[in-house]
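Following: one structure in structure tokens, then a few remarks.
The values are calculated or read from the model by the stated rules, or taken from the named source; none is laboratory data. What you see is a predicted model; the values in this text were computed from it and never measured. Virtual Cβ from ideal backbone geometry, glycine too; neighbours counted across all protein chains shown.
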């Protein structure tokens, strides 16, 4: 039998980073970039200190606070020592202390470069194509958008990577999700990934590294590819990735930590090889047609509970599987919704535009395009627009987007994770519905008893203006 | 790492699929910089009728009385039974820390989220995958018989009932780490020469990866 030497992108990145294949089936892989934040690192640093260990190398690590910090301008200007919540203050100060203690490069709370880990990493060129990237955060797959082998790890693994620059892991299986054709007017990368999750389910990608392929991804911006890869974990896959193309290479030119001169040419040359071979074999293949994808909205408490904007909320009685029927019942009860109602009848109390999924400059532009010249409906209590990083914030302000949002009655905030996980003061009250560009609609995710509807930035802005879920295509503009 | 060899314990079931890490330990408790003390807030929003706050005692909080963990018959349970995709969501290791702190030593479900599975092993909690039929059978036994216990024998990869033995699979590396309670960092650092040799080779292949971040 002739051995098939055709490899997937994931196979190639795995091989390049394989330090040792052990006889017990585990593998040691080398980690090129390790991004740290305040929530999942303190126990790892403490572990190093207790065992009297040091980081293996410093130049592979980069840190920033994002999960826990306030997005309120006045609170941010007051600085770390003035963080009102004591537990939060200790956590942010602990990151600063640990980075100083061990000598790790940190972009501090109000420093240019700070931002949500998965926004600031690529933006600074700290994560680059072809790297292995890990972070104590499940949305690390974001970096796969430019041909990285990137995934989330737990705190024990954070400590392990700090101490050894390696990770003990097992190779995943390969899955390819191909989206063919072109997207319709008003359909965004967020809608693409929600439609994929709707199709394969929240455990559909468990055990796999997913490669996103097809014309829709070729046409998509790097920011858009990040949005899709970001939510691979919501389809169960730790890893999501897109092959490198000229757009990828152009994206990284001139970034703070990108190579320059001759090294740039060598790097760009190498990066251009980072794609699956033509006849590479995938363990699983899924295909969607871009034309069939409409703007998406989640109605329930799991990202797979998603509908096109012209859809109707499911009725438990119509579901034959008893376990699923029970899940639908539970979700309807939690969300305060009735089966059979059109999704556009869901009223919105809050709108959140931000998170590592949708807080990049083009997300801000898409939301601003809808907000421009409009006013937030008076039934909507608050609209938070939270840029993903200091750099996104500065860029948006230079384009006057902040003014558009403020004129529409929206709050323009400081960069951070904010209401995506509600660790800081930005959270929902019980029973409140939120149109949110974040990635998880789990029970209590955005505040105890809060009800999250995931959608794209333009759909979120449209909901803010209408006061309920609405088809953004009614606004007649291409977001 | 805490070792896991054999364990016999009371079983409690939460008959839901997609139990996510936000359910296991809600976000407000992630502000802690410690690994311990999360047990009182395990499944906080499912267990209590009010909103939990970090650092506040839970003894006098109003309970959701029909939540399994609150029922007297399951007091002291150490084996958790659940449905598909248990532990989906975030990579927060606070989830297994909370389960461990509460006293759970093993979780039985038809499937687990990948990151959560690894995080459990690192904390000496054994996640065991059985098909849905076996899991549903355990659920009905737990429901029928008060004080229902199971015995887990990791070395033989078996879950034992008085009348039956159910074999499960686990990768050999995780098994060895659990049985021996090994420190994985120590284990990796034994290969320091291999890592250094790799690093030198890698530095030549992708020099821009090194030295850029200062």
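Being within 16 Å of the chain's Cα centre (by Cα) and within 7 Å of another protein chain (Cβ to nearest Cβ) is the filter here, so list the residues in the stretch B:10-42 that pass it. B:17, B:18, B:20, B:22, B:23, B:26, B:35 - these are the residues of the stretch B:10-42 that are within 16 Å of the chain's Cα centre (by Cα) and within 7 Å of another protein chain (Cβ to nearest Cβ).
The residue of the stretch B:197-214 that is nearest to residue A:122 (Cα to Cα), among those that are in a helix (DSSP H, G or I), within 7 Å of another protein chain (Cβ to nearest Cβ) and over 37 Å from the mean Cα position of the chain (by Cα), is B:208. Residue count for the stretch A:322-341 under the criterion of being within 14 Å of chain B (Cβ to nearest Cβ) and touching a residue at least 12 places away in the same chain (Cβ under 8 Å): the result is 6. Of the listed requirements (1) in the same structural domain as residue A:446 (by TED's automatic domain parsing); (2) farther than 17 Å from residue A:198 by Cβ; (3) out of contact with any strand residue (DSSP E or B) (no Cβ under 8 Å at 6 or more places or on another chain), residue A:278 misses just one: (1). When the strands (runs of 3 or more DSSP E) confined to the stretch B:75-137 are screened for residues that are free of Cβ contacts under 8 Å to residues at least 60 places away in the same chain, away from chain A (no Cβ under 11 Å) and in contact with a strand residue (DSSP E or B) (Cβ under 8 Å, 6 or more places away or on another chain), those reaching at least 1 such residues are found at B:106-109, B:126-129. Taking the criterion of being more than 8 Å from every other protein chain (Cβ to nearest Cβ) and in contact (Cβ under 8 Å) with a residue 40 or more places away in the chain, the residues of the stretch A:59-74 that qualify are A:63, A:64, A:65, A:66, A:69, A:70, A:71, A:72, A:73. Under 15 Å from residue A:446 (Cβ atoms), touching a residue at least 24 places away in the same chain (Cβ under 8 Å) and outside any strand (DSSP E or B): is that true of residue A:344 in this structure? No: the conditions fail for residue A:344.
Considering A:85, A:24, the condition of being facing another protein chain (nearest Cβ under 9 Å) and within 21 Å of residue A:166 (Cα to Cα) is satisfied by A:24 alone. Within the stretch A:365-389, the set of residues being in contact with a strand residue (DSSP E or B) (Cβ under 6 Å, 6 or more places away or on another chain) and in a helix (DSSP H, G or I) comprises just one member, A:367. Contact map, the stretch A:377-405: residues that are without any contact (Cβ under 8 Å) to a residue 24 or more places away in the chain paired with residues that are in a loop (DSSP other than H, G, I, E, B), Cβ distance under 6 Å, separation 6+ or inter-chain. Pairs shown: A:393/A:387; A:393/A:415. For residue A:43, the conditions (1) within 12 Å of chain B (Cβ to nearest Cβ); (2) farther than 17 Å from residue B:184 by Cβ all hold with the exception of (2). Inspection of the stretch A:238-247 identifies no residue that is modelled with pLDDT of 95 or more, over 30 Å from residue B:87 (Cα atoms) and in contact with a strand residue (DSSP E or B) (Cβ under 9 Å, 6 or more places away or on another chain).
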